[in-house]
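What follows is calculated from the coordinates using simple rules that are stated; it is not laboratory data. Everything numeric in this text was worked out from a predicted model, so none of it was measured. Glycine gets a Cβ as well: all are built from the backbone with ideal geometry, and neighbour counts include every protein chain shown.
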Amino acid sequence: MALFLAEIRTPADIDSTLDQIRAATAEAGADFVEAQVTADRSQVFAIIEAQDEAIADRVRTELATAGLTVEALSAVRLVGADIDEIKAQRPASGYLVEWDLPDGLTMDAYLARKKEKSPLYAQVPETTFQRTYVREDMVKCLCFYDAPDAEAVLRARDVVGAPVDRLHELSEIDSTAL
């Protein structure tokens, strides 16, 4: 099974959007893993698990049929967490950092850098790194943090020497609805 990130703009009601994502995922024969919603409720980052890219494409079609705007649907790799833990604890809390990866960075180099730098997070104990989804095409990654405020996340990113292209506070959503 492979993981895919669906980035969805949502002018609609979040509960309705999440219901549509769950329904589209099930209709396409994929599994819904988690969804994170920005605090301004304008964007949803949904992770689905599908047998292959063809099924992920069916999810995109189902989402579009439901009237949702899918900005991207990309294969991703989970780093720093176990998929079964993610399914059990969803949703994340805190903050989401989007980092547009530099041209020429390989997955192996990214993973080696992540392994080397991750212990440095201990220097910012108020911030907990939760997980990262790295797009397989190496365009960007999404990093999730539990932190008291955005400044703590920025300090943690600075400590590990990782840029921040976009920082989103995550909305509290009803995990029982997932």
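With +1 on each Lys and Arg Cβ and -1 on each Asp and Glu Cβ, how big is the dipole of the stretch 2-177 about its Cα centre, in debye rounded to the nearest 20?
For the stretch 2-177, the charge dipole is close to 400 debye.
Compute the distance from the alpha-carbon center of the stretch 100-178 to that of the stretch 35-78, in whole Å.
20 Å
Rounded to whole Å and sorted largest first, what semi-axes of the equivalent ellipsoid does the C-alpha gyration tensor of the stretch 2-177 yield via the square root of 5 times each eigenvalue?
Whole-Å semi-axes of the equivalent ellipsoid: 27, 18, 14.
Where does helix 150-159 land angle-wise versus the long Cα axis of the chain, in degrees 0 to 90, nearest 10?
60 degrees
May I ask which residue of Ala30, Met107, Phe144 lies farthest towards the positive end of the charge dipole of the chain, with charges of +1 (Lys, Arg) and -1 (Asp, Glu) on Cβ and the Cα centre as origin?
Working it through, the farthest residue towards the positive pole turns out to be Met107.
Along the positive direction of the dipole of the chain (beta-carbon charges: Lys, Arg +1; Asp, Glu -1; about the Cα centre), which of Val164, Ile48, Ala88 reaches farthest?
Projecting each Cα onto the dipole axis, the largest value belongs to Val164.
Would you order Met107, Met1 from fewest to most other beta-carbon atoms within 10 Å of each residue's own beta-carbon?
Working: Met107 15, Met1 11.
Ascending number of Cβ neighbours within 10 Å: Met1, Met107.
For the chain, what relative contact order do you get, as a whole percent, if you take Cα pairs closer than 8 Å and at least 6 residues apart? Don't skip to the end; give the middle numbers.
Details: 342 pairs, mean separation 46.3, N = 178.
Relative contact order comes out at 26 percent.
In what sequence do Lys115, Lys140 fall when counting other Cβ within 10 Å, fewest first?
Lys115, Lys140
Within the stretch 130-168, list the residues whose amide N lies under 20 Å from a label point set 7 Å along Cα→Cβ of Ala2.
Residues 132-142 fall inside that zone.
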